[in-house]
Amino acid sequence: MAASMASQAASRGLRTTTSKHILLNKVKCTWLSPRRWLNLQEYQSKKLMQESGVAVQRFYVADTASEALEAAKKLNAKEIVLKAQILAGGRGKGVFDSGLKGGVHLTKDPAVVGELANQMLGFNLTTKQTPKDGVKVKTVMVAEALDITRETYFAILMDRACNGPVMVGSPQGGMDIEEVADKTPELIFKEVIDIFEGVRDDQALRMAANLEFKGPLQRQAADQIKRLYDLFMKVDATQVEVNPLGETPQGQVVCFDAKISFDDNAEFRQKSVFAMDDMSESDPTEMEAAKWDLKYIGLDGNIACFVNGAGLAMATCDIIDLHGGKPANFLDLGGGVQERQVYEAFKLLTADPKVEAILVNIFGGIVNCAIIANGITKACRELELKVPLVVRLEGTNVDEAKRILRESGLPITAAENLEDAAKKAVAAIRK
Amino acid sequence: MSPPAKKSKAGLPAARATTLFRKQTKAIVWGMQTRAVQGMLDFDYVCSRDEPSVAAMVYPFTGDHKQKFYWGHKEILTPVYKSMDDAMKKHPEVDVLISFASLRSAFDSTMEAMQHPQIHTIAIIAEGIPEAQTRKIIKMADEKGVTIIGPATVGGIKPGCFKIGNTGGMLDNILASKLYRPGSVAYVSRSGGMSNELNNIVSRTTDGVYEGVAIGGDRYPGSTFMDHVLRYQDTPGVKMIIMLGEIGGSEEYKICQGIREGRITKPVVCWCIGTCATMFTSEVQFGHAGACANQASETAVAKNQALRDAGAYVPKSFDELDDVVKSVYDELVANGTIIPAQEVPPPTVPMDYSWARELGLIRKPASFMTSICDERGQELIYAGMPITEIFKEEMGLGGVLGLLWFQRRLPRYACKFIEMCLMVTADHGPAVSGAHNTIVCARAGKDLISSLTSGLLTIGDRFGGALDAAAKQFSKAFDSGMLPMEFVNKMKKDGKLIMGIGHRVKSINNPDMRVQILKDYVKQNFPSSVMLDYALDVEKITTSKKPNLILNVDGFIGVAFVDLLRTCGGFTRDEADEFVEIGALNGIFVLGRSMGFIGHYLDQKRLKQGLYRHPWDDISYVLPEHMSM
């Protein structure tokens, strides 16, 4: 879907990366993107690239119209592109509630930039990928628009099969790479990188040649490739995708647009990168859950799941699905569950109006089931639980836990095993 | 210990061992995880191992020391080393490292461990190790022929031989799932939670677990499903294999290939969880970092079908996994492949005291009791009152003292009176014996506590102790119905001093303002002051004899406090008497005067006063003239 708009817009340096996942079946590479990846605004990604010496268009960032105007003048460029900074894609065709059409504007006259920015900043931009009311634009990017004579595709990613970083490139840039891989697999090139060694000169040059950079551009491209790899390692990325990596009529190799995915696990040593995370577009329930060390993911069903261990949580969702129900969420309490966590988890679940029943599935390995049972009864009483509750407990001290639930006098349905629990939860909703 | 099955040829990666754990396997545990280590030792004990599996622990944040553990009924000491090098050198028999290092330090400690050729297996428990680091760990492990279990795992278990950390849960679970002796079924799963579930299923449907490994939920586990399935294939004791896969990745296809190529010949029961993911329109990342399908072939549904096609035993749903396991097992028993062994009851491991108590199995009289303060809950509680409420109600110092000393919430006037008593007793100059002692002590360079206690130690019958004595004397006289005159006469006749009467300088004409303030307050606020009135009657008589025989501050507080205890309505007469009896009143003086003593201490330090030496001319030396023999 992106291919059509890509060629036209990208040549002007517009952001074209789609949020769609790119699958390179043919080259046996797997793109991995955790669901809650760290999302960076375009200007933030470009700043990171700039810091690693990657060639990007000259740009400024502005929070006010006057700053934008000032930036446009300072750029002193033949042509200027003004871009509203939001995380959602489809900006080019978006509409502002100020009436302005298009989140991306090209102009040769720096004087109009202030006026345009005035109609962007503080207004909501609605695109195909935003919520209905759009997303408020707080920042704009003012960049030099460059012409592109040729577009290539280049990416570095962590690959399971190769047990390390892999570079993937294609001379067919600027368009949907999935399509390229599908139709002309011979135009996809792959280079496995030794994680201890990094990118070797011969590898970078070979890739540059494969991308069909000629003459002096080849060395320039190879240099860019090495710098992109440095960036990839420096920021703990799981993927750096440059599309297009292009050349200008002036004979420069430039990264026109890039999408960087980060390794969540590296947050502790990438404080400055993660500090850029704009949480305003994140789910508040997930954030609240994280406070209590709970892993929560909202889904669109109506049976809330409450499970310890990611695997068991997944299996629980499966069995609910199998018996005709739909999970409302995925909630993993982790291995060492505390009574307080149980209470907070219940609070989260009951606050969700979609939830029509709650299914608890806990296997107490190192956890005492009685603690869970106490947490459940306490939460039920204090939160005045309105929806049916089905509980399956197994493991350490389970008999005591069952006794606590039985004698609590609360309307709790006990289940013998996972299947029984799922059936009872689904039945509770049908009633 | 048998030599590991590996020899690295130049350039070629070393081969990994088929058998990771034996009944003699010894491990080093990285990290101060005493609970997990005790769990391992208890497991070893129920498995009838000859020796504990944990040879040593490594913990860089303390010095070398020994940690106490239980081995059955006995207590044993396990060495803890600051340096991994030392631990390895001192325990050359160790070939397993169990790393409880945090996600920040796991990389360094794992890489360090791999520099020691004695280590063949490393279990990494930490979840959330950056991918770039895991990649390096795996690459190094490949080169060295080390088997990595994890990261992000609970570990694994080999009944009768070895248990990694918390795998299998607490001892109750181990016993319930018969994990103390080997069965014929080996499994590999991703998560620890599911391995509990599998232990349960396998123990119910077969002769038990031979070995089970949870490879961990990371995108890039250090060892894969296939690594372990192949080990199981090559292990004679394993008769059937269970693999619990997951949405995401393509590892499961290697099993398919292995079956097709005849590399895997033992029956394999498989299930991939995450089948529900297909019903969500958006892509869902399930808890495990690796659990995300990025293409159609990575979905659980597709993988289950592929496994089924390859000839694995795949149930229709996770529900039916146990049925399939049972039918495969039953067939193996029927055709004679498996001959279930005779059950031998495991040795009993004594239950931990704290656990038994949590389960309500035992009770014991406490050797310590308290009825005034509880710090265990969400909030600090003084005699039943949460600290927030104490502040909300503005109970003040007097109120807190009422709660902690008398277990009562005293009326406001009483609280204020206590505070006033503390204020007037706070200090009485540097010359009194207590302050003097404090000052001398402070000037000798001693610390605050020494100086304060040095002053407090002078408090007794002669200094400050008159409160109690006065309260006792006056109330005894009053209660026995003696008239004030009779009381004074009796004391005179017995040759006793009336406590709380008399002042060095103050007199009826030069009243003590402290007493004056307190007297006005009591008269205005106390519902009754019979004891004070009685004492004032006594004072009338004594001052008529000598003007300085007034009711002094000690005496006043003593009697007024008796009035307070008897009439504020919070105490029975017996309780009121008991408080006087056990020295509550003296406490007021001690507490009040401590303020003064501390003041004197700080004052002396501030003034930089040097060591005090009493001048000779102020000492009269009256030694015997001459000691002649």
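The values are calculated or read from the model by the stated rules, or taken from the named source; none is laboratory data. These numbers come from a predicted model, not from an experiment. All Cβ positions, glycine included, derive from the backbone under ideal geometry; neighbour counts span all protein chains shown. Areas reflect the complete protein model, heavy atoms only, side chains present, ligands, DNA and RNA absent. Shrake-Rupley method; radii C 1.70, N 1.55, O 1.52, S 1.80 Å.
Can you name every residue in the range B:108-120 that is of a type in the set (Val, Ile, Thr) and either more than 32 Å from the chain's Cα centre (by Cα) or within 14 Å of another protein chain (Cβ to nearest Cβ) (or both)?
Going through the range B:108-120, the residues of a type in the set (Val, Ile, Thr) turn out to be B:110, B:119.
Hit for the range B:108-120 is B:Ile119, nothing else.
Pairing residues of the range A:193-221 that are closer than 21 Å to A:Arg160 by Cα and without any contact (Cβ under 8 Å) to a residue 12 or more places away in the chain with residues that are among the β-branched types (Val, Ile, Thr) and assigned to a loop (DSSP other than H, G, I, E, B), at Cβ distances under 9 Å and at least 6 apart in sequence or on separate chains, gives A:Arg200/A:Ile193.
Within the range B:168-180, which residues are assigned to a helix (DSSP H, G or I), more than 8 Å from chain A (Cβ to nearest Cβ) and open to solvent by 10 Å² or more (accessible area, probe 1.4 Å)? If you could, list the steps in order and put the result at the bottom.
Taking the range B:168-180 first, the residues assigned to a helix (DSSP H, G or I) are B:171-176.
So of that shortlist, the ones also more than 8 Å from chain A (Cβ to nearest Cβ) come out as B:171, B:174-176.
The answer is B:Leu171, B:Leu175, B:Ala176.
Does A:Val81 meet the test of being open to solvent by less than 30 Å² (accessible area, probe 1.4 Å) and either hydrophobic (A, V, I, L, M, F, W, C) or without any contact (Cβ under 8 Å) to a residue 40 or more places away in the chain (or both)? Yes, satisfied. A single entry from B:Ser354, B:Ser327 fulfils the requirement of being polar (S, T, N, Q), free of Cβ contacts under 8 Å to residues at least 40 places away in the same chain and within 14 Å of chain A (Cβ to nearest Cβ): B:Ser354.
Listed here are the residues, each with its yes/no results for (1) open to solvent by less than 10 Å² (accessible area, probe 1.4 Å); (2) within 14 Å of chain A (Cβ to nearest Cβ); (3) within 20 Å of B:His228 (Cβ to Cβ).
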residue: B:Val80; (1), (2), (3): yes, no, no
residue: B:Ser83; (1), (2), (3): no, no, no
residue: B:Asp86; (1), (2), (3): no, no, no
residue: B:Ser99; (1), (2), (3): yes, no, yes
residue: B:Ser102; (1), (2), (3): no, yes, no
residue: B:Ala106; (1), (2), (3): yes, yes, no
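Residues that are closer than 21 Å to B:Val314 by Cβ and not in a helix (DSSP H, G or I) were ranked within the range B:224-242; the one that is modelled with the lowest pLDDT is B:Thr224. On the stretch given as the range B:124-150, residues that are within 7 Å of chain A (Cβ to nearest Cβ) and assigned to a loop (DSSP other than H, G, I, E, B) total 3. Determine whether A:Val166 is farther than 26 Å from A:Gln239 by Cβ, outside any loop (DSSP other than H, G, I, E, B) and in contact (Cβ under 8 Å) with a residue 12 or more places away in the chain. Answer is no for this residue. Count of the range A:296-342 residues, restricted to those that are at positive phi and within 10 Å of another protein chain (Cβ to nearest Cβ), is 2.
If a residue must be loosely packed, with under 12 Cβ neighbours inside 10 Å and either in a loop (DSSP other than H, G, I, E, B) or in contact with a strand residue (DSSP E or B) (Cβ under 7 Å, 6 or more places away or on another chain) (or both), how many such residues does the range B:351-372 contain? Walk me through how you get there before you give the answer.
Filtering the range B:351-372 for residues loosely packed, with under 12 Cβ neighbours inside 10 Å gives B:353-354, B:360-371.
Of the ones still in play, those that are also either in a loop (DSSP other than H, G, I, E, B) or in contact with a strand residue (DSSP E or B) (Cβ under 7 Å, 6 or more places away or on another chain) (or both) are B:360-371.
Within the range B:351-372, residues that are loosely packed, with under 12 Cβ neighbours inside 10 Å and either in a loop (DSSP other than H, G, I, E, B) or in contact with a strand residue (DSSP E or B) (Cβ under 7 Å, 6 or more places away or on another chain) (or both) number 12.
Among the residues examined, A:Ser66 qualifies as in a helix (DSSP H, G or I), over 30 Å from A:Gln220 (Cβ atoms), touching a residue at least 12 places away in the same chain (Cβ under 8 Å) and of a type in the set (Gly, Ala, Ser). Here the range B:154-167 is the region considered, the condition is being open to solvent by 10 Å² or more (accessible area, probe 1.4 Å) and touching a strand residue (DSSP E or B) at 6+ places or on another chain (Cβ under 6 Å), and the residue that is modelled with the highest pLDDT is B:Lys158.
Among A:Glu356, A:Glu288, which is more than 10 Å from every other protein chain (Cβ to nearest Cβ) and over 30 Å from B:Lys316 (Cβ atoms)?
On the way: A:Glu356 fails: over 30 Å from B:Lys316 (Cβ atoms).
Only one candidate passes the filter, namely A:Glu288.
Residue-wise test of (1) free of Cβ contacts under 8 Å to residues at least 12 places away in the same chain; (2) open to solvent by 40 Å² or more (accessible area, probe 1.4 Å); (3) within 14 Å of another protein chain (Cβ to nearest Cβ); (4) of a type outside the set (A, V, I, L, M).
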| residue | (1), (2), (3), (4) |
| --- | --- |
| A:Glu344 | no, no, yes, yes |
| A:Leu393 | no, no, yes, no |
| A:Ile412 | no, no, no, no |
| A:Lys424 | no, yes, yes, yes |
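Let's see how each residue does on (1) under 28 Å from B:Ala152 (Cα atoms); (2) away from chain B (no Cβ under 14 Å); (3) assigned to a loop (DSSP other than H, G, I, E, B):
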{"position": "A:Leu349", "(1), (2), (3)": "yes, yes, no"}
{"position": "A:Ile366", "(1), (2), (3)": "yes, no, yes"}
{"position": "A:Arg381", "(1), (2), (3)": "no, yes, no"}
{"position": "A:Leu385", "(1), (2), (3)": "no, yes, yes"}
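The criterion of at least 3 residues that are out of contact with any Lys or Arg (no Cβ under 6 Å at 6 or more places or on another chain), at pLDDT below 90 and buried (at least 20 other Cβ atoms within 10 Å of the Cβ) is met by the following helices (runs of 4 or more DSSP H) wholly inside the range B:465-562: B:466-479. Identify, please: which residue in the range B:202-217 is within 22 Å of A:Val398 (Cβ to Cβ) and not in a loop (DSSP other than H, G, I, E, B) and is, among those, farthest from the chain's Cα centre (by Cα)? Per the stated criteria, the residue is B:Thr205. The number of residues in the range B:181-201 that are more than 9 Å from every other protein chain (Cβ to nearest Cβ), buried (at least 24 other Cβ atoms within 10 Å of the Cβ) and part of a loop (DSSP other than H, G, I, E, B) comes to 1. Starting from the range A:246-265, take each residue that is among the basic types (Lys, Arg) and list its partners that are open to solvent by 10 Å² or more (accessible area, probe 1.4 Å), counting only C-beta distances under 7 angstrom and pairs at least six apart or across chains. If the second residue must be open to solvent by 10 Å² or more (accessible area, probe 1.4 Å), the pairs left are A:Lys259/A:Thr17.
Under the condition of being open to solvent by 10 Å² or more (accessible area, probe 1.4 Å), more than 10 Å from chain A (Cβ to nearest Cβ) and within 20 Å of B:Glu298 (Cβ to Cβ), the residues counted in the range B:237-260 number 5.
The sole residue among A:Pro244, A:Pro216 that is at pLDDT 90 or above, away from every other protein chain (no Cβ under 13 Å) and out of contact with any His (no Cβ under 8 Å at 6 or more places or on another chain) is A:Pro216.
Of all residues in the range A:207-239, those satisfying the criterion of being open to solvent by less than 10 Å² (accessible area, probe 1.4 Å) and in a loop (DSSP other than H, G, I, E, B) are A:Leu211, A:Phe213, A:Val235, A:Asp236. Being surrounded by 11 or more Cβ atoms within 10 Å (Cβ to Cβ), basic (Lys, Arg) and on the phi < 0 side of the Ramachandran plot is a condition met by at least one residue of the range B:589-601. Residues that are within 38 Å of the chain's Cα centre (by Cα) and under 20 Å from B:Thr567 (Cα atoms) occur in the range B:417-439; there is at least one. Being open to solvent by less than 20 Å² (accessible area, probe 1.4 Å) and outside any strand (DSSP E or B) is a condition met by at least one residue of the range A:142-157.
Among the residues making up the range B:67-92, a single one is without any contact (Cβ under 8 Å) to a residue 40 or more places away in the chain, within 13 Å of B:Ala27 (Cα to Cα) and part of a loop (DSSP other than H, G, I, E, B): B:Pro92.
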